[in-house]
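Trainee: This is the structure I have questions about; it appears just below.
The values are calculated or read from the model by the stated rules, or taken from the named source; none is laboratory data. Since the model is a prediction, treat every value here as computed from it, not as a measurement. Positions of Cβ are backbone-derived with ideal geometry, glycine not excepted, and every protein chain shown enters the neighbour counts.
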Ligand code: ADP
């Protein structure tokens, strides 16, 4: 660039200055979000603690009092989750996301998460494997168990939220020579092609009212994507409006020698 005409050099300098100002602004914004989330978390945890203990201990509540306490608790729980999600994303943006990677047998992890999801969602969560997967215990990835579970839970959570209660949610394991895939399939409302490109954006929700009713903040997919991409993986979606959706987590397969 040193030998370039003066105009080009000046343009490059201006561009660099703009970039660095943009980076500063982004970093400031990240810190504000992170600080606010931290500051709100402690009082909110205290409020939630008191609400839960009131609900547990008070035997003689009127209907109104019980309803008010229950609603306040649900809202406080949702706000706590939102703060945690914001903190996690701010941490990811800062580049300080630490993964404790280990060898994970996908079949074990998926079975465990499916059992847990059945408990909390009260829905049938099926697990299936590709017919050609003869020895499921050999399908391994190098991943942070906690992060992978979190990503998967977010996908299952959505599959449950956006499909009817009598429809199955299916987790299935697929693989190629170099990659391992976990698919989460539902026969729910589906997502239009236009929305498919936006649902991984932060705070994007196709149907605000429905999402709000189901306790969503529009961060679940953004977090799943950040976590999985942080482990050199990817998340993709295939969907048709009114028919259902399949989300696929793909991770490099651990080579066993
Ligand atoms: P939310 O907390 O709103 O569910 P997400 O980031 O998890 O946020 O998802 C973003 C949006 O993508 C949702 O609001 C919903 O409109 C859409 N979506 C995600 N998963 C599904 C699914 N399995 N079926 C239909 N729509 C989905």
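Trainee: Which of the residues that make up region 75-111 are part of a helix (DSSP H, G or I) and free of Cβ contacts under 8 Å to residues at least 60 places away in the same chain?
Mentor: Of everything in region 75-111, those that are part of a helix (DSSP H, G or I) and free of Cβ contacts under 8 Å to residues at least 60 places away in the same chain turn out to be 75, 76, 77, 79, 80, 83, 84, 87, 91, 108, 109, 111.
Trainee: Can you tell me which residue in region 188-233 is farthest from residue 134 (Cα to Cα), limited to those that are touching a strand residue (DSSP E or B) at 6+ places or on another chain (Cβ under 9 Å) and more than 10 Å from the ligand (Cβ to nearest atom)?
Mentor: 193
Trainee: For residue 251, are the conditions met, namely being more than 8 Å from the ligand (Cβ to nearest atom), crowded, with 20+ Cβ neighbours inside 10 Å and over 18 Å from residue 88 (Cβ atoms)?
Mentor: So residue 251 passes the test.
Trainee: Anything in region 45-82 that is under 16 Å from residue 224 (Cα atoms) and in contact with a helix residue (DSSP H, G or I) (Cβ under 9 Å, 6 or more places away or on another chain)? List them, or say none.
Mentor: Result: 82, single match.
Trainee: Before we move on, is residue 236 surrounded by fewer than 17 Cβ atoms within 10 Å (Cβ to Cβ) and either outside any helix (DSSP H, G or I) or at pLDDT below 95 (or both)?
Mentor: For residue 236, the condition - surrounded by fewer than 17 Cβ atoms within 10 Å (Cβ to Cβ) and either outside any helix (DSSP H, G or I) or at pLDDT below 95 (or both) - is met.
Trainee: What residue, of 184, 141, is in contact (Cβ under 8 Å) with a residue 12 or more places away in the chain and within 16 Å of the ligand (Cβ to nearest atom)?
Mentor: Matching residue, one of 184, 141: 184.
Trainee: Among the numbered conditions (1) out of contact with any strand residue (DSSP E or B) (no Cβ under 6 Å at 6 or more places or on another chain); (2) under 24 Å from residue 148 (Cβ atoms); (3) part of a helix (DSSP H, G or I), tell me where residue 36 comes up short.
Mentor: All conditions pass for residue 36, except number (2).
Trainee: Give me a count of the residues in region 152-177 that are crowded, with 18+ Cβ neighbours inside 10 Å, away from the ligand (no atom under 11 Å from the Cβ) and farther than 14 Å from residue 127 by Cα.
Mentor: So the answer is 1.
Trainee: Sort through 226, 246 and tell me the only one that's surrounded by fewer than 20 Cβ atoms within 10 Å (Cβ to Cβ), touching a residue at least 40 places away in the same chain (Cβ under 8 Å) and not in a loop (DSSP other than H, G, I, E, B).
Mentor: Within the list 226, 246, the selection yields 246.
Trainee: Can you tell me which residue among 105, 110, 127 is more than 16 Å from the ligand (Cβ to nearest atom) and surrounded by 20 or more Cβ atoms within 10 Å (Cβ to Cβ)?
Mentor: 110
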